[in-house]
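Data block below; observations after.
The values are calculated or read from the model by the stated rules, or taken from the named source; none is laboratory data. Remember, it's a predicted structure, so these values are computed and weren't measured experimentally. Cβ coordinates were reconstructed from backbone atoms using ideal geometry, including for glycine residues, and neighbour counts include every protein chain displayed.
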Amino acid sequence: MSANEADKAARKERLLEKDRNYVWHHMSPHNDNPLIIESGKGSWVTDIDGNRYLDGMAGLWCVNVGHGRSEIAEAAAGQMMKLAYTTLVQSHIPAIELAAKLNEWLGGDYRIFFSNSGSDANEVAFKIARQYHHQNGKPTKHKFISRHRAYHGSSMGALAATGQAQRKLKYEPLGAGFVHVPPPYCYRCPFGQTEGACQLQCAQAVEDAIVWEGPDSVAGMILEPAITGGGVLVPPDGYLPKVRSICSKYDVLLIVDEVICGFGRSGEKFGHQNFGVKPDIVTMAKGLTSAYSPLSATAVSAELYASFKEKQTESHFRHINTFGGNPVSCAVALKSIEILETENLVSRSAQMGRAITSGLEPLKAHPHVGDIRAFGSAIGIELVEDRASKVPATAERVAAIIAGCRQKGLLIGKNGDTVPGYANILTLSPPLSSTDEDIAFLIRTLNEVFALHV
Ligand code: PLP
């Protein structure tokens, strides 16, 4: 071993020891040998041994413009030198410009409340919805409808909205008043229907839940345009418009969680724009800054906002968080959005999604691939033990494919904890800036790894 190699090995051992002693990893059992990522450029990241990996999940569905963008670093540094912090009790220029830009992306007319994370953005949406109904003469409206398999965040309200039992089990009681309905999941339709030949019973389930709970008790419905982390479940075209009209019928606010689907991932600026619906509230995070800095936003329709403006009745929203709308994060978001625009990454996302699904076409004959789904460039590959019975693939089989990809330099994900036996969906969401060569590598690697696991 050369002196240089010995130095590197010693450094790695020192880092691993500190990691073992001090770092609590997210969502995973203690791991004595974690991948330590040191740098990133474009769609690739490099670990401390110098191994390169294609970041097939864009981190966690978030590094939309890719790694190592010097223009974002410069925007952050410039803003830090000018003004690192002030509260949004008053105002500052990056927040003003960003709120206006988000309105442009949403097609107006929304007021933007800034927070730190996707969970925060959803908590804000729930509080605003409840307060709105209070101030609009319907104070008993407090419940929220959401879907099984959906993920909406880790805080007590957002976790209550989440429809994944394993994530909640040891933390209850959570926020009260959350009711779950089956999602649109055409590969395993919860209503035993066939895609294209059904009556959208999944949307009807929303109306049934509102009626059963009592419309006077239901404040809102929260949904992602397509359930992403819960397995990339893309709804039939008519689902969202039908849910929109059901919500309007019962004065139930439609809250669309765009934390993953927003900022181009779906092939449109926001996921709901694929279905021509107008939400009452839109929440966003992740791709908002391409994860270069923490920031989230809750966009609230002008109509709702109007009820928070009455100075005489103390109707303002009593909510603050210190870092929400941090000027540096807002400057980063503005630069990231500028890159999405100038490099046409929204349409690139749609085209990339089509390229990946067509490149993975051979996998449709693989004995353990049940279904391949795409929402723009959010891709899900559902693994089964047997294609006829659709029995979900074992955890070992899923882990072997993920490890096989990692060995060949490709990082991919899987759907999070759901009911046991259902964490069987591989997920992909490469940076929207990925080159044709990157995408060819991703497709080639997946095909090679699956060929080894028949
Ligand atoms: N909503 C969705 C759809 C998400 O996927 C996530 C996180 O993955 C969240 C909300 C919560 O975001 P955060 O982790 O920033 O709190």
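The table for this structure:
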| read-out | value |
| --- | --- |
| Region 24-62 - residue that is among the β-branched types (Val, Ile, Thr) and without any contact (Cβ under 8 Å) to a residue 24 or more places away in the chain and, of those, farthest from the ligand (Cβ to nearest atom) | 46 |
| Residues satisfying the stated conditions in region 12-50, i.e. β-branched (Val, Ile, Thr), closer than 23 Å to residue 67 by Cα and in a loop (DSSP other than H, G, I, E, B) | 36, 48 |
| Selection count where residues are assigned to a helix (DSSP H, G or I), away from the ligand (no atom under 16 Å from the Cβ) and charged (D, E, K, R), scope region 85-122 | 3 |
| Those residues of region 357-381 which are closer than 17 Å to residue 442 by Cα and either of a type in the set (Lys, Arg) or crowded, with 21+ Cβ neighbours inside 10 Å (or both), in sequence order | 360, 364, 373, 374, 376, 377, 378, 379, 380, 381 |
| Test: residue in region 121-134 that is of a type in the set (Val, Ile, Thr) and over 19 Å from the mean Cα position of the chain (by Cα) | yes |
| Residue that is touching a Gly at 6+ places or on another chain (Cβ under 6 Å), assigned to a helix (DSSP H, G or I) and more than 14 Å from the ligand (Cβ to nearest atom), where the choices are 334, 340 | 340 |
| Residues being more than 26 Å from residue 190 (Cβ to Cβ) and either within 13 Å of the ligand (Cβ to nearest atom) or not in a helix (DSSP H, G or I) (or both) - total across region 123-154 | 9 |
| Exclusive hit being closer than 15 Å to residue 429 by Cα, away from the ligand (no atom under 16 Å from the Cβ) and in contact with a Ser or Thr (Cβ under 9 Å, 6 or more places away or on another chain), set 267, 230 | 267 |
| Pair list, Cβ under 6 Å, 6 or more apart: region 238-263 residue free of Cβ contacts under 8 Å to residues at least 40 places away in the same chain, other residue of a type in the set (Ser, Thr, Tyr) and within 11 Å of the ligand (Cβ to nearest atom) | none |
| Qualifying residues in region 67-84 (those that are under 27 Å from the mean Cα position of the chain (by Cα) and part of a loop (DSSP other than H, G, I, E, B)) - the one farthest from residue 113 (Cα to Cα) | 68 |
| Given (1) within 11 Å of the ligand (Cβ to nearest atom); (2) of a type outside the set (Lys, Arg); (3) within 21 Å of residue 162 (Cβ to Cβ), number of the condition residue 295 does not satisfy | (3) |
| Set 157, 175: member being within 16 Å of the ligand (Cβ to nearest atom), more than 30 Å from residue 374 (Cβ to Cβ) and modelled with pLDDT under 95 | 175 |
